[in-house]
Amino acid sequence: MTANGSPGKPPAEVSKGSSLPEFVDNARATVYGAVSKAPFTVALMGAILLSGLITRSLFRTVGNNRWFEDLAYGLPAFSSGDWLTAITGTFVLGEPGSYLLVLILIPLSVGWLEVFRGTKSAVLTFFLGQFASLAVVAVILLLFRNLGSSWIDELSRDLDTGPNGGIFACLTLAVCYLRQPWKLRWQFLLISFAVVSVTLVGEISDLEHAAAIGLVLLLKFRTISKPNLREQRFIAWVGLLSLVTIQILTIIVPTNGPFGPTQAGGGRIAVIVDALLAIVLSRGLRSGRRVAWVAAIVLAVLNVLRGILGLTLIVTLGPELKQGSGIASFAAAHAALWALMLVYLVVCWRAFGVRRHRRLPNAVGHRGMDPAAVLAQLRRYGGGTISWMSTWRGNQHYRSPGGSVVTYQVHMGCAIGLAEPIGPPEDRDGAMTHFSSAAEKAGLCPFFFSVSAPLATPPDCWRAMQIAEDTLIDLPGLEFAGKKWSDIRTALNRAAREDVSFRVTRLADEPASVRSQLEEISKAWVGDKSLPQIRFTLGTLEEAADPMVKLALAENAQGEVQGFLSWLPVYAPGGEVSGWTLDLMRRRDFGFVSIMEFLIGSSLKHFSASGAGFASLSGAPLARTQHTAAQEPVDKVLASLSKALEPLYGFGSLHAFKAKFNPRVEPMYLVYRDESDLPRIAGGLTRAFLPEATMSQLAREGFSALRDMRAKRR
């Protein structure tokens, strides 16, 4: 056996003998898969490459050749009756760089549409979009030439080649079949691209792109939905950052457009000021802050006024304007874009009403409901396995119109709903939806952590992924018989041999000597960690002191506590305690190894004898069995967070430990709006679990986790 685990041949020999056939097989499979899924896309790319080989334009620039002009389309060609150029110009390009760009865009547009909507749809959309966009551009140039616009007059004499209209028609139609909110966002992005490219770049190909996008969106007008509160803020956020990005690019690269040519470097100081202000204001717009909206309005007005001044100079001085003409054009072009931004902000003013103190409408009290009120709600309607955590200090509460109570915490701009709403079962989804709307109005990002099931609303509204497994043990008739319970029987027998006793009590009923031992054990456990004690769904001795919480103690013959557990009650509708949920698990460093198996096994027997229906060992935060891992993007976010915290808190090993008790599992979900919330979700959960951690501690542990992960890969 060699060092790399391959018997027989050395690694170099294996590589030499098998790499070429394997490469050929993979290439053949890739080509076959592409042809079978998108034959038109492959044929289109092949036709364009073939034309490049025949004309030699794949290797050198041929745009100035006379024969090339005979193949190109445009108003001059159409005016002379040469309509066949609409076909020949589609497959011929003038320079090698154009082939690279087109061959990248075709799979991302035509291929995308063909794979998801079929070959027929892709063929019709491509050719109709290509020819219709050429016709629309020709008509526009024909109608507006010779009216005093040098830009229009110049374009009316230009010729062009390439499948510009067909590519963007396919891309726009494919976008129209996306789920919300991505459909609306991509439609907004395409419209913005069309406006910006025509305004600043202003080449004939930009008109063709805009015509194709506009025609498809006009035909698919019903797919353009009115943006809701959240999307209005999202569009304002993206729009503001995009505007200043465009301004920065235009001071680097000279452009041309309806307002004339711009000079590279023009308006540099104004652009830098706009960029700095936009960076400051963008986060406030994303959260719907009124003060950010007012400041953005002022910024837009100033840019529009500056553009009006530039446009006035262009109109009044005209050809006499020599020095500064590029700066005036620069201001006028950007003023047009800022004017659109200004109109949008004014129209969507209702989306930006969040004041400084972002408190949810219908929120119960500034610090949440009184624990007695939460307990009354739990006893009336019952709750899930972690619903008792709603009574803990630090939580806030929202009362829905249907009478349910949603427990939540606010961290890093996120409103994190904890578990199920406490209320009538039929109001569950309604309460979660109302809570989400209230959080959005307050400028917060809502999501729900550790709920038992996704929302039953249309999938376009919510996304859900499994983040844990609740480990449940049915208690009626529980017996530790058979091989699968051998570890638990061994722990019980060892405790008997070492004279370790078990009892269930309440923390408030214990003497000071016992309470001090529990604090000592807890401090020793926390002291071993380089980060503070984890919170949110994990309690402390403060939560264990509640009279309704059961405390399970393991003591030796001298009265020393070897380990302890805390159990949270689970209420059924009507006020009866139907089960118990494990929270705290603490042991002495020098107690016998299987003390936790002894404590949990003894607790299960105790609760079974008292008539409880089940016990939950709860789900370890951010941990689950490998076979349930989905391939959603958020899985990677939470998996990375879990790996980073595993050396500190052992979520994965804790989950594996609970498997010793042969539980049945029920999924626990993270319910969120869409993937664009993932960065804020990761930040909100990190701060919820580690509210007392400093930024330096988080950064240090993050770098340490990255270093460990790289070491493991090596």
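The values are calculated or read from the model by the stated rules, or taken from the named source; none is laboratory data. Just so you know, these numbers come straight off a predicted model, no measurement behind them. Note: ideal-geometry Cβ built from the backbone for every residue, glycine included; neighbour counts use all protein chains shown.
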Output for the range 579-611, where each listed residue is small (Gly, Ala, Ser), under 13 Å from PRO569 (Cβ atoms) and in contact with a helix residue (DSSP H, G or I) (Cβ under 9 Å, 6 or more places away or on another chain): GLY579
Some residue of the range 87-100 being touching a helix residue (DSSP H, G or I) at 6+ places or on another chain (Cβ under 8 Å), within 23 Å of LEU50 (Cβ to Cβ) and free of Cβ contacts under 8 Å to residues at least 24 places away in the same chain: yes
Residue tally, condition modelled with pLDDT under 85 and within 19 Å of ALA194 (Cβ to Cβ), over the range 211-224: 3
All positions within the range 367-411 that are part of a helix (DSSP H, G or I) and closer than 29 Å to THR686 by Cβ: PRO371, VAL374, LEU378, SER387, TRP388, MET389, SER390, THR391
Test: residue in the range 231-242 that is crowded, with 20+ Cβ neighbours inside 10 Å and in contact with an Asp or Glu (Cβ under 9 Å, 6 or more places away or on another chain): yes
Test: LEU553 is assigned to a strand (DSSP E or B) and buried (at least 18 other Cβ atoms within 10 Å of the Cβ): yes
Helices (runs of 4 or more DSSP H) enclosed by the range 123-198 - at least 3 residues per element that are farther than 21 Å from LEU75 by Cα and touching a Leu at 6+ places or on another chain (Cβ under 8 Å): 164-175, 182-196
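Results for (1) surrounded by 16 or more Cβ atoms within 10 Å (Cβ to Cβ); (2) more than 30 Å from PHE234 (Cβ to Cβ); (3) in the same structural domain as PRO258 (by TED's automatic domain parsing), shown as yes or no for each residue.
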| position | (1), (2), (3) |
| --- | --- |
| PHE78 | yes, yes, no |
| GLY118 | no, yes, no |
| PHE126 | yes, yes, no |
| LEU184 | yes, no, no |
Evaluation of GLU520 against (1) assigned to a helix (DSSP H, G or I); (2) under 18 Å from SER603 (Cα atoms) (one fails), failing number: (2)
So VAL139, is it of a type in the set (Val, Ile, Thr) and at pLDDT 90 or above: yes
Count of residues meeting criterion [charged (D, E, K, R) and either touching a Cys at 6+ places or on another chain (Cβ under 9 Å) or crowded, with 23+ Cβ neighbours inside 10 Å (or both)] in the range 207-225: 2
Yes/no for THR505 being among the polar types (S, T, N, Q) and surrounded by 15 or more Cβ atoms within 10 Å (Cβ to Cβ): no
Any chance TRP567 is modelled with pLDDT under 90 and either in the same structural domain as LEU492 (by TED's automatic domain parsing) or more than 21 Å from ARG506 (Cβ to Cβ) (or both): no
